[in-house]
1. Hey, can you tell me all the residues within region 325-351 that are assigned to a loop (DSSP other than H, G, I, E, B), at negative phi and either open to solvent by less than 20 Å² (accessible area, probe 1.4 Å) or at pLDDT below 95 (or both)?
2. Out of all the residues in region 407-417, is one or more in the same structural domain as VAL323 (by TED's automatic domain parsing), open to solvent by 30 Å² or more (accessible area, probe 1.4 Å), modelled with pLDDT under 95 and not aliphatic (A, V, I, L, M)?
3. Read through the list (1) in a loop (DSSP other than H, G, I, E, B); (2) open to solvent by 10 Å² or more (accessible area, probe 1.4 Å); (3) in contact with a helix residue (DSSP H, G or I) (Cβ under 8 Å, 6 or more places away or on another chain), then give the number of the only condition that ALA375 fails.
4. Looking at LYS77, LYS70, LYS81, LYS59, which is the one that is over 16 Å from LEU186 (Cβ atoms) and in the same structural domain as GLU174 (by TED's automatic domain parsing)?
5. Among (1) of a type in the set (S, T, N, Q); (2) part of a loop (DSSP other than H, G, I, E, B); (3) more than 24 Å from the chain's Cα centre (by Cα), there is one condition SER432 misses while meeting the rest; what is its number?
6. From ILE415, ILE401, grab the single residue that is farther than 30 Å from VAL158 by Cβ, part of a helix (DSSP H, G or I) and in contact (Cβ under 8 Å) with a residue 12 or more places away in the chain.
7. Residues being open to solvent by 10 Å² or more (accessible area, probe 1.4 Å) and assigned to a helix (DSSP H, G or I): count how many of those fall in region 71-114.
8. Go through region 84-102 and give me each residue that's free of Cβ contacts under 8 Å to residues at least 40 places away in the same chain and closer than 11 Å to LEU182 by Cβ.
Amino acid sequence: MQIKNYINGELVEPISNKYIENINPATGEVYSYLPDSDSRDVNKAVQAASEAFNSWSRKSAQERSQILLKIADLIEKNLDKLALAETTDNGKPLKLSKKVDIPRAVENFRFFATGIIHFASESHYQPHFLNYTLRMPLGVVGCISPWNLPLYLFTWKVAPALAAGNCVVAKPSEITPMTAYLLAELCIEAGLPRGVMNIVHGYGSTVGTAITQHPSIRAISFTGGTKTGQEIARVAAPMFKKLSLELGGKNATLVFADCDLERTIHETVSASFSNQGQICLCGSRIFVEQSIYEVFVQKFVERTKKLIVADPLDERANLGAVVSKSHYEKILSYIDLAQEEGGKILYGGKEKPVVNQRCEKGYFVYPTVITGLDAYCRTNQEEIFGPVVTIQPFDTEEEAIIFANSTQYGLAGSIWTQNLARAHRVAQAVESGILWVNCWLIRDLRTPFGGMKQSGVGREGGWEALRFFTEPKNICIQI
Ligand code: NDP
């Protein structure tokens with residue numbers, strides 16, 4: 001099967017006529033091909049988007065909303081097909097794609113399609129003068145997304161961009177391009193006008209760079225690794241593009257002795273290994289108050305052992321394959337590093353899980369639990385982004401906060417305690433953009449989403465996203 005670019009309302013071949021192999025990580029085999037596009041395809045996409053902007057930005061919010069709601073309905077109608085495509089591309093359990101990834105893509109479109117109808121701007125009166133602020137769409141914007149939650153994160157960017165009246169040139173990860181391609185088909189079916197959304201497939205170094213460098217692209221919304229974010233900022237900042245950068249993390253899970261232990265174990269195991277640990281919000285460093293450390297570790301390992309690593313198409317699978325061979329090798333290299341740094345592997349490790357014949361050549365890793373490391377070693381400082389967690393004890397609340405804040409990242413974290421005052425204190429002191437108390441991954445699309453420090457700049461979600469994708473213009477009138 002050959003994936004195509006979506007430019008000016010049509011599914012088209014890349015100008016180079018070259019294609020990249022797309023591998024199913026559960027089988028290790030090529031199952032489709034995607035365009036190896038370059039700056040020429042990006043230029044065509046930007047031209048189409050620029051031509052479409054006048055008419056799209058002048059449509060009423062209701063008109064844009066109707067089309068975006070139609071796209072949401074079509075994603076929902078094709079849920080099974082899209083979920084299977086996501087799982088084939090990414091390796092995640094099919095039940096996860098069906099329950100989380102695709103439904104959340106539907107929600108993203110519905111949320112911003114309805115949000116834009118309620119999006120209002122301010123006016124300020126003073127005697128003899130009235131100021132009012134317009135929120136103008138920016139023009140052509142670039143959206144670049146990663147492979148871990150492919151359609152979910154892709155739509156999290158393009159839906160608010162389109163709702164606000166912009167035209168989009170987007171690039172999904174070359175590792176998981178299929179659902180973005182299927183979305184292009186649905187946009188055509190929904191009657192999205194030509195050029196309003198354009199999807200150019202290919203490598204970050206070619207297509208991603210061309211989007212970042214293009215002088216007519218006014219803003220870049222990027223989710224991915226911190227290094228890539230730095231490179232995008234280096235190129236785009238001197239051009240004064242608006243930038244939203246959602247980057248890496250090394251999230252802390254802080255467990256206090258007064259937590260509800262059974263619930264905490266249940267939830268923190270999920271927070272560690274959901275989507276094979278490949279969610280930017282997963283907790284990869286667990287810190288546990290000394291007095292319950294032994295019992296926590298024992299129960300955590302017991303529960304982890306019950307997780308089933310299986311063919312992603314198997315209904316029983318809690319973990320499927322990790323996304324690619326190179327990512328698999330990166331995860332194993334960190335397990336080696338943890339051992340070199342004195343870590344003790346209590347469960348999992350480098351042994352290859354036996355799955356089934358179909359998945360003999362797939363990239364599977366056991367959920368892995370490591371103890372015996374200090375908070376400052378490389379294993380506890382660098383992002384692994386796989387099913388690997390470390391557990392360390394702490395003595396005091398102050399020490400827990402110091403450990404939590406000891407990395408360059410600041411994306412998310414969770415706090416487990418029955419003491420309300422402590423929950424507020426610790427949540428205020430931990431340097432991260434998102435904190436959950438006695439829960440994890442609860443999402444409300446109205447809340448600001450994003451990180452601080454090396455985890456990024458700017459926030460997505462709710463009005464934050466609509467403000468990012470618009471330019472405020474203040475007008476002052478003498479009355
Ligand atoms: P990458 O940074 O490698 O890639 C992200 C996207 O950027 C891909 O589409 C990639 O293309 C593209 N890209 C690569 N190089 C460039 C470049 N020079 N210019 C423009 N675009 C480029 O991240 P991954 O895909 O590996 O995703 C995993 C990372 O994403 C992790 O660090 C994770 O923490 C982070 N993440 C952060 C989230 C957050 O909200 N903060 C949420 C989810 C993930 P290609 O790969 O196709 O070459």
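The values are calculated or read from the model by the stated rules, or taken from the named source; none is laboratory data. Please read all numbers here as calculations on a predicted model, not as lab measurements. A quick note on method: Cβ atoms are made from the backbone with ideal geometry, for glycine too, and the neighbour counts reach across all protein chains shown. In case anyone asks, the SASA skips ligands and DNA or RNA and just uses the protein heavy atoms, side chains included. Shrake-Rupley method; radii C 1.70, N 1.55, O 1.52, S 1.80 Å.
1. GLY343
2. Within region 407-417, not a single residue is in the same structural domain as VAL323 (by TED's automatic domain parsing), open to solvent by 30 Å² or more (accessible area, probe 1.4 Å), modelled with pLDDT under 95 and not aliphatic (A, V, I, L, M).
3. For ALA375, the exception is condition (2).
4. Of LYS77, LYS70, LYS81, LYS59, the one residue that is over 16 Å from LEU186 (Cβ atoms) and in the same structural domain as GLU174 (by TED's automatic domain parsing) is LYS59.
5. In the conditions (1) of a type in the set (S, T, N, Q); (2) part of a loop (DSSP other than H, G, I, E, B); (3) more than 24 Å from the chain's Cα centre (by Cα), SER432 misses (3) alone.
6. From the options ILE415, ILE401, the qualifying one is ILE401.
7. Adding up the residues that qualify gives 22.
8. LEU84
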